[in-house]
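Please read the structure below before turning to the comments.
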Amino acid sequence: MTSFLFTRRGAEVVAEIARSRTLLAFDFDGTLAPIVAARDEAAIGDETRALLRAAALLYPCAVISGRTRADVAARVRGIPLVAVVGCHGAEAGFGPLDHTLARRVASWRTRLAVALRGSDGIEVEDKRFAIALHYRKAPSWAEAERRALAAALRLEGAAVFPGRAVVNVLPEDAPAKGDAIEALCERLGVRAAVYVGDDRTDENAFRSRVVTVSIAVGDVAGSSAAYRLPDQSHVDELLRALVRARVEQDGLGARWEGVVRAARA
(Lines give C-alpha, C1' and ligand atoms only; values in the text may rest on other atoms or scores of the structure.)
Protein backbone atom coordinates (compact mmCIF):
# COMPACT_ATOMS: atom_id res chain seq x y z
CA MET A 1 0.00 0.00 0.00
CA THR A 2 1.40 3.42 -0.99
CA SER A 3 0.96 6.30 1.41
CA PHE A 4 -1.28 9.02 0.00
CA LEU A 5 1.34 11.50 1.26
CA PHE A 6 3.61 10.51 -1.64
CA THR A 7 1.02 11.34 -4.29
CA ARG A 8 0.30 14.70 -5.91
CA ARG A 9 -3.19 14.67 -4.42
CA GLY A 10 -1.73 13.96 -0.98
CA ALA A 11 0.50 17.03 -1.19
CA GLU A 12 -2.50 19.11 -2.28
CA VAL A 13 -4.60 17.84 0.63
CA VAL A 14 -1.92 18.68 3.19
CA ALA A 15 -1.51 22.16 1.67
CA GLU A 16 -5.28 22.74 1.82
CA ILE A 17 -5.35 21.74 5.50
CA ALA A 18 -2.47 24.10 6.28
CA ARG A 19 -4.27 27.03 4.62
CA SER A 20 -7.44 26.58 6.67
CA ARG A 21 -8.47 26.50 10.31
CA THR A 22 -9.08 22.77 10.54
CA LEU A 23 -9.44 20.51 13.56
CA LEU A 24 -7.02 17.56 13.56
CA ALA A 25 -8.53 14.58 15.39
CA PHE A 26 -6.83 11.26 16.03
CA ASP A 27 -7.68 7.86 17.42
CA PHE A 28 -5.15 6.60 19.98
CA ASP A 29 -4.46 2.85 19.78
CA GLY A 30 -3.19 1.83 16.36
CA THR A 31 -2.96 5.46 15.25
CA LEU A 32 -0.90 7.58 17.63
CA ALA A 33 0.35 4.53 19.52
CA PRO A 34 1.25 1.07 18.17
CA ILE A 35 -1.05 -1.82 18.98
CA VAL A 36 0.43 -3.89 21.83
CA ALA A 37 -0.60 -7.21 23.36
CA ALA A 38 -1.10 -5.70 26.85
CA ARG A 39 -3.33 -2.62 26.46
CA ASP A 40 -2.00 -1.03 29.67
CA GLU A 41 1.42 -0.79 28.00
CA ALA A 42 0.26 1.28 25.01
CA ALA A 43 2.31 4.46 24.63
CA ILE A 44 3.08 7.16 22.09
CA GLY A 45 6.65 6.99 20.80
CA ASP A 46 8.98 9.89 21.56
CA GLU A 47 9.05 11.15 17.96
CA THR A 48 5.27 10.91 17.59
CA ARG A 49 4.85 12.79 20.86
CA ALA A 50 7.15 15.60 19.70
CA LEU A 51 5.43 15.84 16.32
CA LEU A 52 1.94 15.84 17.85
CA ARG A 53 3.01 18.51 20.35
CA ALA A 54 4.32 20.62 17.47
CA ALA A 55 1.12 20.07 15.47
CA ALA A 56 -1.00 21.03 18.47
CA LEU A 57 0.82 24.37 18.66
CA LEU A 58 -0.14 25.07 15.03
CA TYR A 59 -3.61 23.52 14.68
CA PRO A 60 -6.43 22.69 17.11
CA CYS A 61 -5.84 18.99 17.86
CA ALA A 62 -7.93 16.40 19.70
CA VAL A 63 -7.71 12.72 20.58
CA ILE A 64 -10.91 10.67 20.42
CA SER A 65 -10.42 7.19 21.84
CA GLY A 66 -12.29 4.10 22.89
CA ARG A 67 -10.37 4.25 26.16
CA THR A 68 -11.72 6.19 29.12
CA ARG A 69 -10.95 9.90 29.01
CA ALA A 70 -8.74 9.68 32.10
CA ASP A 71 -6.79 6.76 30.67
CA VAL A 72 -5.97 8.39 27.33
CA ALA A 73 -5.42 11.84 28.90
CA ALA A 74 -2.64 10.38 31.05
CA ARG A 75 -0.98 8.97 27.91
CA VAL A 76 -1.01 12.34 26.10
CA ARG A 77 -0.10 14.47 29.10
CA GLY A 78 2.00 17.49 28.17
CA ILE A 79 0.52 17.86 24.67
CA PRO A 80 -1.60 21.04 24.28
CA LEU A 81 -4.74 19.38 22.90
CA VAL A 82 -8.06 21.20 22.71
CA ALA A 83 -9.87 18.08 23.93
CA VAL A 84 -9.51 14.45 24.92
CA VAL A 85 -12.70 12.44 24.34
CA GLY A 86 -13.20 8.95 25.74
CA CYS A 87 -15.43 5.91 25.27
CA HIS A 88 -15.86 6.34 21.48
CA GLY A 89 -17.40 9.79 21.99
CA ALA A 90 -19.64 8.97 24.95
CA GLU A 91 -17.29 10.66 27.45
CA ALA A 92 -17.15 14.23 26.16
CA GLY A 93 -14.03 16.35 26.15
CA PHE A 94 -15.80 19.34 27.72
CA GLY A 95 -18.97 20.21 29.59
CA PRO A 96 -21.10 18.04 31.89
CA LEU A 97 -21.34 14.28 31.35
CA ASP A 98 -24.63 12.41 31.01
CA HIS A 99 -24.64 10.21 34.09
CA THR A 100 -27.81 8.42 33.00
CA LEU A 101 -25.59 6.70 30.42
CA ALA A 102 -23.23 5.54 33.17
CA ARG A 103 -26.11 4.14 35.21
CA ARG A 104 -27.36 2.18 32.22
CA VAL A 105 -23.91 0.76 31.58
CA ALA A 106 -23.58 -0.22 35.24
CA SER A 107 -26.79 -2.25 34.96
CA TRP A 108 -25.24 -4.35 32.18
CA ARG A 109 -21.99 -5.22 33.95
CA THR A 110 -23.24 -8.13 36.07
CA ARG A 111 -25.41 -9.51 33.28
CA LEU A 112 -22.44 -9.67 30.92
CA ALA A 113 -20.17 -11.20 33.56
CA VAL A 114 -22.73 -13.94 34.20
CA ALA A 115 -23.40 -14.57 30.50
CA LEU A 116 -19.67 -14.88 29.75
CA ARG A 117 -18.71 -16.93 32.80
CA GLY A 118 -16.49 -19.80 31.66
CA SER A 119 -15.64 -18.13 28.36
CA ASP A 120 -11.88 -18.59 28.29
CA GLY A 121 -9.90 -15.46 27.51
CA ILE A 122 -12.77 -12.92 27.47
CA GLU A 123 -12.27 -9.98 29.82
CA VAL A 124 -15.05 -7.56 30.75
CA GLU A 125 -13.75 -3.99 31.11
CA ASP A 126 -16.11 -1.48 32.71
CA LYS A 127 -15.31 1.98 31.34
CA ARG A 128 -18.27 3.64 33.11
CA PHE A 129 -19.78 5.02 29.91
CA ALA A 130 -19.11 1.85 27.94
CA ILE A 131 -18.14 -1.78 28.37
CA ALA A 132 -15.42 -3.48 26.37
CA LEU A 133 -15.34 -7.26 25.96
CA HIS A 134 -11.69 -7.99 25.19
CA TYR A 135 -10.75 -11.34 23.70
CA ARG A 136 -7.13 -10.89 22.61
CA LYS A 137 -6.08 -13.63 25.08
CA ALA A 138 -8.77 -16.11 23.95
CA PRO A 139 -7.58 -19.35 22.29
CA SER A 140 -10.03 -18.82 19.42
CA TRP A 141 -10.78 -15.22 18.46
CA ALA A 142 -13.65 -16.24 16.20
CA GLU A 143 -15.41 -18.22 18.96
CA ALA A 144 -14.72 -15.52 21.55
CA GLU A 145 -16.14 -12.80 19.30
CA ARG A 146 -19.23 -14.94 18.64
CA ARG A 147 -19.84 -15.41 22.38
CA ALA A 148 -19.19 -11.77 23.21
CA LEU A 149 -21.54 -10.55 20.48
CA ALA A 150 -24.26 -13.00 21.54
CA ALA A 151 -24.11 -11.81 25.15
CA ALA A 152 -24.01 -8.12 24.27
CA LEU A 153 -26.84 -8.27 21.75
CA ARG A 154 -29.20 -9.52 24.48
CA LEU A 155 -28.92 -6.18 26.29
CA GLU A 156 -31.83 -3.82 25.75
CA GLY A 157 -30.89 -0.38 24.45
CA ALA A 158 -27.28 -1.27 23.70
CA ALA A 159 -25.26 -0.32 20.64
CA VAL A 160 -22.87 -3.19 19.95
CA PHE A 161 -19.97 -2.99 17.51
CA PRO A 162 -16.76 -5.00 17.12
CA GLY A 163 -13.27 -3.57 17.08
CA ARG A 164 -9.77 -5.02 17.07
CA ALA A 165 -10.05 -8.11 19.32
CA VAL A 166 -12.85 -6.42 21.26
CA VAL A 167 -16.62 -6.07 21.25
CA ASN A 168 -17.77 -2.61 22.39
CA VAL A 169 -21.05 -2.03 24.20
CA LEU A 170 -22.48 1.48 24.64
CA PRO A 171 -25.93 2.98 25.20
CA GLU A 172 -27.55 3.30 21.77
CA ASP A 173 -28.22 7.01 22.33
CA ALA A 174 -24.69 7.83 23.51
CA PRO A 175 -22.68 10.30 21.42
CA ALA A 176 -20.37 8.61 18.90
CA LYS A 177 -16.99 9.72 17.56
CA GLY A 178 -18.62 11.63 14.70
CA ASP A 179 -20.86 13.48 17.17
CA ALA A 180 -17.82 14.37 19.28
CA ILE A 181 -15.99 15.83 16.27
CA GLU A 182 -19.01 17.87 15.23
CA ALA A 183 -19.43 19.22 18.78
CA LEU A 184 -15.75 20.18 18.92
CA CYS A 185 -15.92 21.97 15.56
CA GLU A 186 -18.95 23.95 16.72
CA ARG A 187 -17.29 24.84 20.02
CA LEU A 188 -14.06 25.91 18.31
CA GLY A 189 -15.74 27.75 15.45
CA VAL A 190 -14.11 25.62 12.76
CA ARG A 191 -15.94 24.26 9.74
CA ALA A 192 -13.88 21.19 8.90
CA ALA A 193 -11.91 18.39 10.49
CA VAL A 194 -9.34 15.77 9.63
CA TYR A 195 -9.83 12.41 11.28
CA VAL A 196 -7.20 9.66 11.42
CA GLY A 197 -8.07 6.17 12.69
CA ASP A 198 -7.23 2.53 12.18
CA ASP A 199 -10.26 0.45 13.13
CA ARG A 200 -13.86 -0.38 12.32
CA THR A 201 -14.81 1.73 15.33
CA ASP A 202 -13.57 4.81 13.44
CA GLU A 203 -16.03 4.51 10.55
CA ASN A 204 -18.59 6.72 12.27
CA ALA A 205 -16.00 9.51 12.42
CA PHE A 206 -14.89 8.97 8.81
CA ARG A 207 -18.50 9.53 7.70
CA SER A 208 -19.08 12.66 9.78
CA ARG A 209 -20.44 15.64 7.82
CA VAL A 210 -17.60 17.86 9.11
CA VAL A 211 -14.75 15.45 8.36
CA THR A 212 -13.46 16.64 5.01
CA VAL A 213 -10.28 14.54 5.12
CA SER A 214 -10.61 10.98 6.44
CA ILE A 215 -7.48 8.86 6.74
CA ALA A 216 -7.40 5.14 7.55
CA VAL A 217 -4.22 3.68 9.03
CA GLY A 218 -3.46 0.22 7.68
CA ASP A 219 -5.75 -2.04 5.72
CA VAL A 220 -9.22 -1.36 7.15
CA ALA A 221 -11.42 -3.60 5.02
CA GLY A 222 -14.36 -1.79 3.43
CA SER A 223 -13.43 1.51 5.05
CA SER A 224 -15.18 4.69 3.93
CA ALA A 225 -11.99 6.70 4.56
CA ALA A 226 -10.88 8.70 1.54
CA TYR A 227 -7.15 8.20 2.09
CA ARG A 228 -4.77 5.57 3.47
CA LEU A 229 -1.53 5.34 5.39
CA PRO A 230 0.17 1.93 5.07
CA ASP A 231 0.59 1.37 8.83
CA GLN A 232 0.94 3.12 12.18
CA SER A 233 4.59 3.99 11.60
CA HIS A 234 3.52 6.35 8.80
CA VAL A 235 1.52 8.57 11.18
CA ASP A 236 4.76 10.40 11.97
CA GLU A 237 5.11 11.24 8.27
CA LEU A 238 1.62 12.71 8.27
CA LEU A 239 2.29 14.81 11.36
CA ARG A 240 5.62 15.96 9.95
CA ALA A 241 3.98 16.98 6.66
CA LEU A 242 1.24 18.91 8.49
CA VAL A 243 3.73 20.75 10.69
CA ARG A 244 5.96 21.62 7.73
CA ALA A 245 3.05 22.82 5.59
CA ARG A 246 1.64 25.11 8.31
CA VAL A 247 5.03 26.63 9.18
CA GLU A 248 5.77 27.25 5.49
CA GLN A 249 2.27 28.68 5.06
CA ASP A 250 3.11 31.15 7.83
CA GLY A 251 6.17 32.24 5.85
CA LEU A 252 8.79 30.68 8.09
CA GLY A 253 10.19 28.36 5.42
CA ALA A 254 12.61 25.70 6.63
CA ARG A 255 12.15 26.68 10.28
CA TRP A 256 9.56 23.90 10.67
CA GLU A 257 12.32 21.54 11.86
CA GLY A 258 13.09 23.99 14.66
CA VAL A 259 9.46 23.84 15.78
CA VAL A 260 9.72 20.05 16.11
CA ARG A 261 13.07 20.29 17.93
CA ALA A 262 11.56 22.75 20.40
CA ALA A 263 8.62 20.39 20.95
CA ARG A 264 11.05 17.62 21.95
CA ALA A 265 12.42 19.69 24.80
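The values are calculated or read from the model by the stated rules, or taken from the named source; none is laboratory data. Quick caveat, the model's predicted, so the values are computed rather than measured. With ideal geometry, Cβ positions are generated from the backbone for all residues, glycine too; neighbour counts draw on all protein chains shown. For the accessible areas, the whole protein counts, side chains as well, though only heavy atoms, and no ligand, DNA or RNA atoms are used. Shrake-Rupley method; radii C 1.70, N 1.55, O 1.52, S 1.80 Å.
Applying 1/(1 + (r/R0)^6) with R0 = 22 Å to the Cβ-Cβ distance of residue 120 and residue 35, what FRET efficiency is obtained, to the nearest 0.05? Please report the intermediate quantities before stating the final value.
On the way: r = 22 Å, r/R0 = 1.00.
In this case the efficiency is close to 0.50.
Tell me, what is the FRET efficiency for residue 70 and residue 219 to the nearest 0.05, using R0 = 25 angstrom and their Cβ-Cβ distance as r? It would help to have the intermediate numbers written out before the result.
Values: r = 31 Å, r/R0 = 1.25.
Once the sixth-power term is evaluated, E becomes 0.20.
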Q | Translational diffusion of the stretch 86-133, µm² s⁻¹ [Kirkwood Rh, Cα pairs; Stokes-Einstein; 20 °C; 1.002 mPa s] | A | 183 µm²/s
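How large, in percent, is the carbon and sulfur part of the accessible surface of the stretch 183-236 at a probe radius of 1.4 Å?
Values: 980 of 2350 Å².
Here carbon and sulfur together make up 42 percent of the probe-accessible area.
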Q) For the stretch 149-222, what size does the Cα cloud have along each of its three principal axes, sorted from largest down, in whole Å? A) 41, 29, 14
**Q.** Heavy-atom surface of the stretch 115-265, accessible at 1.4 Å and reported per residue (Å²)
**A.** 48 Å²
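Suppose we look only past 19 Å in the calculated P(r) of the stretch 1-92. What percent of the Cα-Cα pairs does that tail hold?
Numbers: 1918 of 4186 pairs.
Roughly 46 percent, rounded to a whole number.
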Q.
Sorting check: for 164-174, 99-109, which peptide has the highest mean count of neighbouring beta carbons within 10 Å, and how do the rest follow?
A. 164-174, 99-109
**Q.** Within-9-Å neighbourhood charge of residue 59 [Cβ basis; K, R +1; D, E -1]
**A.** +2
